[in-house]
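The values are calculated or read from the model by the stated rules, or taken from the named source; none is laboratory data. The shown structure was predicted, so the numbers you read here are calculated from the model rather than taken from an experiment. Don't worry about glycine lacking a Cβ; one is built from the backbone with ideal geometry, like all the others, and counts go over all protein chains shown. Ligands, DNA and RNA are excluded from the accessible area calculation, which covers all protein heavy atoms including side chains. Shrake-Rupley method; radii C 1.70, N 1.55, O 1.52, S 1.80 Å.
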Amino acid sequence: MNAIETRGLTKRFGKKTAVDHIDLTVGEGELFALLGVNGAGKTTTIRMLSCLSAPTEGECAVCGFDCSREQAQVKARIGLSPQDTAVAENLTVRENLSFMAQVYGLAPTDAKARVEELLLRFGLNEVENDRAKTLSGGWKRKLSIAMALIGSPSVLFLDEPTLGLDVLARRELWRVIESLRGKVTVVLTTHYMEEAEHLADRIAVMIGGRIAALGTLEELETRTGKKGLEEAFIAIAEGGTEHA
Amino acid sequence: MRKIKAFAVRNAKEILRDPLSYIFCMGFPLVMLVIMTLVDRSIPPEAGMTIFRIDRLSGGVMVFGLTFVMLFTAMTVAKDRSGAFLMRMYASPMTAGDFTAGYLLPVLAIALVQAALIGAASLLIALITGFDLSVGGLLLAIPALLPSAVFFCALGLLLGTLFNEKSAPGLCSIIISLGSFLGSVWFDAEATGGVLLSISQWLPFHYCTKAVRAAIVLDLTADAFWLPLAVTVGWAAIVAVCAALVFRWRMRAELA
């Protein structure tokens, strides 16, 4: 079973079409990148897949459950780290994780074990008693991703996970995301070419709400005859929006 | 239930870890209690003005204190809505009902603790000034204040849901002023009479104060206690249902 399937997925805001008939399948354990410039429709796609926005047309399913009709089942199986670091500012790092563990219905002993595991895995121990509002951008992003993973989701959505981070914090977060490969299906949005190139198993290039190209880096390079994702992206963008 | 408890604890921590909440919800009402007691001591007995006498002042300040709990409720909800935090929570298994309960329960607890502190301070002032204040009346005031607490907390939730982080506190300030003025906190509307009393009687604030004041002096007659309490319960029920429905509507609208 695919982790994610969309058919003709469309979102319109009045006369503006933000996402235009996209067809996608993402396999279990895959690290999948939605790449595009600002306004390409990446965040809107993630919002529809995480039940935060209803499609205008078409359908989408996560882990076999329809995102419109079976929202409770979908929400129980996903984790979301939004573009803005959505953490409880006056709670400590540990409290933020414990809070989310309870929201996802973990029993107290399981919650405690899960919190310890994530503190260790993300290296958050050194700031575990610091309030979230005092953390740097990099630590906040790590906490945000750890919070999204607390319920052991099958699918993790990361919306622009490294936006605004310095190069060192970005590299560290890449290592964190890479450590999830094969264990969780990860869908990340980014407009950083090197991020998609470095992390993703497959890349969907979104332009004007449509998927202009989809494939591995090698497939995109072969299709465009260009070396590197940036050159391939420019070739795809200048070549119009043709479905892969 | 676990989700509601977790969210309620989170909200309590968010409010209690803001130093301003202590200044406004605890410090300010207590300061007003002391200041108005000093004012009362300065009023000659022949003036016949009893509004600041501790048995009447105590109930007024309890209701006045609730308006600040309303302010912090509105600020918490509006702040959550302005950032991505609530969006993350919307993607979790929490329902609109979980959110409503999770917002209201901790602020209700804070409101009751606030009332207990004001009651204790009133008792201390009564001891110092040699006034015979009923402990039983003060204890009765806490449950009698509960409908008022529900009303103000639900109003805070409603305002925080409808307005943003900047406008919600401003609107709350207007309600704080109106509530203390038309709620007969700082003057006796019934003694004044006229248009002011008529306006007060159309709004809930007057009944909130009247019921609690009656409880403190153990005047449990229908006119002094039960009728104002019933009106307050009615207002609390209406505003609480409105707040829950509006939150659900807003959540659905944001997820459309």
So which helices (runs of 4 or more DSSP H) are wholly in segment B:44-163 and hold at least 1 residues that are more than 14 Å from chain A (Cβ to nearest Cβ)?
B:54-82, B:96-129, B:135-162
Criterion: more than 7 Å from chain B (Cβ to nearest Cβ), closer than 24 Å to residue B:11 by Cβ and surrounded by fewer than 24 Cβ atoms within 10 Å (Cβ to Cβ) - qualifying residue of A:101, A:111, A:72:
A:111
List pairs: first in segment A:225-239 and touching a residue at least 12 places away in the same chain (Cβ under 8 Å), second of a type in the set (D, E, K, R), Cβ under 6 Å, 6+ apart or cross-chain?
A:229/A:197; A:232/A:221; A:232/A:226
Just the residues that are touching a residue at least 40 places away in the same chain (Cβ under 8 Å) and more than 18 Å from residue B:64 (Cα to Cα), please, taken from segment B:201-236.
B:217, B:218, B:225
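Can you name every residue in segment A:153-172 that is hydroxyl-bearing (Ser, Thr, Tyr) and modelled with pLDDT under 90?
A:162
If you check A:58, A:41, which single one turns out to be open to solvent by less than 50 Å² (accessible area, probe 1.4 Å), over 22 Å from residue A:83 (Cα atoms) and in contact with a strand residue (DSSP E or B) (Cβ under 9 Å, 6 or more places away or on another chain)?
Among A:58, A:41, only A:58 is open to solvent by less than 50 Å² (accessible area, probe 1.4 Å), over 22 Å from residue A:83 (Cα atoms) and in contact with a strand residue (DSSP E or B) (Cβ under 9 Å, 6 or more places away or on another chain).
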Please identify the pairs in which a residue from segment A:110-129 that is among the β-branched types (Val, Ile, Thr) has its Cβ atom under 9 Å from the Cβ atom of a residue that is modelled with pLDDT of 90 or more and open to solvent by 80 Å² or more (accessible area, probe 1.4 Å), counting only partners at least 6 apart or on another chain.
A:127/A:134
Listed residues A:43, A:85; which is in contact with a Gly (Cβ under 8 Å, 6 or more places away or on another chain) and under 27 Å from residue A:163 (Cβ atoms)?
A:85
Mind listing whichever residues of segment B:1-53 are basic (Lys, Arg) and open to solvent by 70 Å² or more (accessible area, probe 1.4 Å)?
B:2, B:5, B:41, B:53
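Can you tell which of A:46, A:78 is facing chain B (nearest Cβ under 9 Å), open to solvent by less than 20 Å² (accessible area, probe 1.4 Å) and out of contact with any helix residue (DSSP H, G or I) (no Cβ under 6 Å at 6 or more places or on another chain)?
Answer to the selection: A:78.
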With the requirement that a residue be surrounded by 14 or more Cβ atoms within 10 Å (Cβ to Cβ) and among the polar types (S, T, N, Q), what does segment B:172-199 give you?
B:180, B:184
Filter result (in contact (Cβ under 8 Å) with a residue 12 or more places away in the chain, in a helix (DSSP H, G or I) and either of a type in the set (Ser, Thr, Tyr) or facing another protein chain (nearest Cβ under 9 Å) (or both)) within segment B:12-43
B:14, B:15, B:16, B:21, B:37
Considering segment A:54-110 alone, what residues qualify as being hydrophobic (A, V, I, L, M, F, W, C) and in contact with a Cys (Cβ under 6 Å, 6 or more places away or on another chain)?
A:60, A:67, A:74
Before we move on, is residue A:188 modelled with pLDDT of 90 or more and away from every other protein chain (no Cβ under 12 Å)?
yes
Restricting to segment A:82-98, name every residue that is more than 8 Å from chain B (Cβ to nearest Cβ) and either crowded, with 24+ Cβ neighbours inside 10 Å or under 28 Å from residue A:39 (Cα atoms) (or both).
A:93, A:96, A:97
